[in-house]
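Peer 1: Got a structure for you, questions after.
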Amino acid sequence: GSCERYGAFAAAKATERLEELGVAVYSPSDSQSQDFPYVSTGPRWYVSVTPRALRHYGAKGVPGPPAELWELLCGHEADVARDLRARGLGWTLAPAGSDPQALHA
C-alpha cells in the first residue's frame with residue numbers, strides 16, 4: 001500500500017491545474033473514526049488561496065480582518081500585543097458525512 005495520505009494524489013493534481021491562479025491544494029491529516037481502533041476513514045483537503053492573496057496585495061501586505069472579527073479573535077485582555085498571525089487563507093473540504101479530522105499537532 002501507499003504511504004501517502006488519503007487524497008494526496010488528487011491534491012497534487014489539483015494544485016498542478018490551479019497553481020497559475022494562486023491556488024494550492026494540500027491533503028492534511030485524514031478523517032478518523034471516533035471509535036476504537038480509530039482507523040483513518042477518508043480524505044480531507046485544505047485549499048489555500050494564500051499565494052493568490054499575497055500576489056494580489058503585494059508589498060502592502062494582506063489587510064487585517066474586519067473589526068468585529070478582530071475583537072472576537074483578539075478581544076481578551078491577555079491579547080495585549082494584538083499581534084494576529086494567520087498561517088494561511090483558505091478552507092478545508094471533506095466529503096459529506098466524514099468523520100472528524102485525526103488529531104494532529
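The values are calculated or read from the model by the stated rules, or taken from the named source; none is laboratory data. As the structure is a computational prediction, the values presented were derived from the model and not from experiment. We place every Cβ from the backbone using ideal geometry, glycine too, and count neighbours over all the protein chains shown. Ligands, DNA and RNA are stripped out before the accessible areas are found, and what is left, the full protein with its side chains, is counted by its heavy atoms. Shrake-Rupley method; radii C 1.70, N 1.55, O 1.52, S 1.80 Å.
Peer 1: Scan segment 1-21 residue by residue and report those that are open to solvent by less than 100 Å² (accessible area, probe 1.4 Å) and either among the aliphatic types (A, V, I, L, M) or more than 14 Å from R52 (Cβ to Cβ) (or both).
Peer 2: If the condition is that a residue be open to solvent by less than 100 Å² (accessible area, probe 1.4 Å) and either among the aliphatic types (A, V, I, L, M) or more than 14 Å from R52 (Cβ to Cβ) (or both), then S2, G7, A8, A10, A11, A12, K13, A14, L18, L21 are the ones that fit.
Peer 1: Would you call A24 open to solvent by less than 40 Å² (accessible area, probe 1.4 Å), within 16 Å of the chain's Cα centre (by Cα) and either of a type in the set (A, V, I, L, M, F, W, C) or under 30 Å from E4 (Cβ atoms) (or both)?
Peer 2: On the way: open to solvent by less than 40 Å² (accessible area, probe 1.4 Å): yes; within 16 Å of the chain's Cα centre (by Cα): yes; either of a type in the set (A, V, I, L, M, F, W, C) or under 30 Å from E4 (Cβ atoms) (or both): yes.
Yes; evaluated as a whole, the condition is true for this residue.
Peer 1: So, one more: Going by what's in this entry, would L18 be described as modelled with pLDDT of 95 or more and within 17 Å of the chain's Cα centre (by Cα)?
Peer 2: yes
Peer 1: Same structure again: Picking from S40, S33, S48, which residue would you name as being buried (at least 17 other Cβ atoms within 10 Å of the Cβ) and of a type outside the set (K, R)?
Peer 2: S48
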